Amino acid sequence: MVELIYEGKAKRVYRLNDDELIIEFKDEVTALDGLRREAAAGKGRLAAAQTAFFMNYLERNGVRTHFINWDGDRRITVRALRMVPIEVIVRNYAYGSFLRRMPMVKPLTRFSKPLVEFHLKSDELHDPLLTTDDLIEAGLLGREDLQEVINTSLKVNDLLMGLLGMHGLTLLDFKLEFGFSRDGRLLLADELSGDTMRILKEGRHLDKELFRKGASAVDLVKAYAELNTLLGIS
Ligand SMILES: Nc1ncnc2c1ncn2[C@@H]1O[C@H](COP(=O)(O)OP(=O)(O)OP(=O)(O)O)[C@@H](O)[C@H]1O
Ligand SMILES: [Mg+2]
């Protein structure tokens with residue numbers, strides 16, 4: 001049997017063997033650093049399907065990812081990585097925590113170019129913003145690897161903006177995580193779903209922002225299903 005090695009708010013991680021993990025997406029949704037938590041039947045499968053769809057699309061377009069395969073339900077198999085403990089956020093429009101630190105900017109202002117920012121992954125510290133100097137000095141990433149993270153994140157943004165744009169969808173912002181494989185390659189990891197991307201359809205969120213703003217878990221799952229239908233995700 002596979003061994004549970006980690007449980008987060010959205011997913012459980014199991015060790016399959018030395019090189020591979022299984023990530024299981026929970027039928028739950030949380031907000032406010034986990035303070036609000038609700039059962040969300042069907043969400044795990046929809047988010048796993050989104051992650052599989054976007055990771056496959058990125059791989060086909062030259063982005064190296066941890067993704068190996070989706071079981072058709074709530075689990076994906078991925079390459080086991082040594083994770084870089086940062087979250088990379090790419091922003092096309094002013095929203096979320098950007099507006100909290102820059103309240104003088106009007107919500108949904110389109111940036112002149114995509115912004116890339118880094119946060120330390122730390123629930124206790126509430127994922128503080130890091131400068132590039134901070135993360136290099138702390139030894140979280142080397143200078144060349146940091147440049148690769150930035151280049152890859154911008155490439156992912158171009159690819160996702162293009163794909164979603166073809167379906168009449170707007171990508172406001174999204175979060176990425178990266179890790180190193182045993183042979184030292186930097187790979188895109190974790191998930192790409194409505195939990196980690198803000199996507200608008202005619203001004204309406206098809207992402208976790210709905211739940212953050214007070215919608216029910218049932219309505220959130222409906223929005224994830226709508227996104228999957230629009231994108232032709234099974
Ligand atoms: N390929 C991978 N190899 C190793 N760890 C991974 C890989 N992909 C994702 N992870 C890690 O698996 C975990 C997934 O769990 P989950 O997202 O639920 O929790 P979390 O990110 O730690 O915290 P939160 O509950 O705030 O999301 C994360 O810690 C993520 O960094
Ligand atoms: Mg997470």
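The values are calculated or read from the model by the stated rules, or taken from the named source; none is laboratory data. Since this is a predicted model, take the numbers as computed values, not measurements. Here Cβ is always computed from backbone atoms with ideal geometry, including for glycine, and neighbour counts include all displayed protein chains. These accessible areas exclude ligands, DNA and RNA; they are computed on the full protein's heavy atoms, side chains included. Shrake-Rupley method; radii C 1.70, N 1.55, O 1.52, S 1.80 Å.
Projecting the Cα atoms of PRO114, VAL88, GLY203 onto the charge dipole of the stretch 82-217, computed from C-beta unit charges around the Cα centre, puts GLY203 farthest toward the positive end. Over 24 Å apart at the Cα level, from the set LYS113/LYS213; LYS201/LYS222; LYS175/LYS201, are LYS113/LYS213. Legend: Rg and Dmax of the chain, from Cα coordinates, 17.0, 53 Å.
Net charge dipole, the chain: roughly 780 debye, given to the nearest 20, about the Cα centre with Cβ charges of +1 for Lys and Arg and -1 for Asp and Glu. Simple point charges give the picture: +1 on the Cβ of Lys and Arg, -1 on the Cβ of Asp and Glu, and for the stretch 3-79 a dipole about the Cα centre of about 260 debye. Putting +1 on Lys and Arg Cβ atoms and -1 on Asp and Glu Cβ atoms, find which of ALA40, ILE68, ALA52 reaches farthest to the positive end of the dipole of the stretch 3-79. Of ALA40, ILE68, ALA52, it is ALA40. Per residue, the chain exposes 49 Å² of accessible surface when a 1.4 Å probe is rolled over the protein heavy atoms with every protein chain present.
Dipole of the stretch 56-114, Cα-centred, from +1 at each Lys and Arg C-beta and -1 at each Asp and Glu C-beta, to the nearest 20 debye?
Working: 12 positive and 4 negative charges, 63 e Å.
About 300 debye.
Just checking the listed ones, PRO128, PRO103, PRO85: in the Gaussian network model of the chain with Cα springs under 10 Å, the one fluctuating most is PRO103.
Between PHE178, PHE111, PHE25, the GNM of the chain built on Cα springs shorter than 10 angstrom shows PHE111 fluctuating the most.
Across the chain, Cα pairs under 8 Å and at least six residues apart give a relative contact order of 19 percent. Maximal additional length on extending the GLU7-ALA39 stretch stands at 9.9 nm, based on 0.36 nm per residue less the C-alpha distance.
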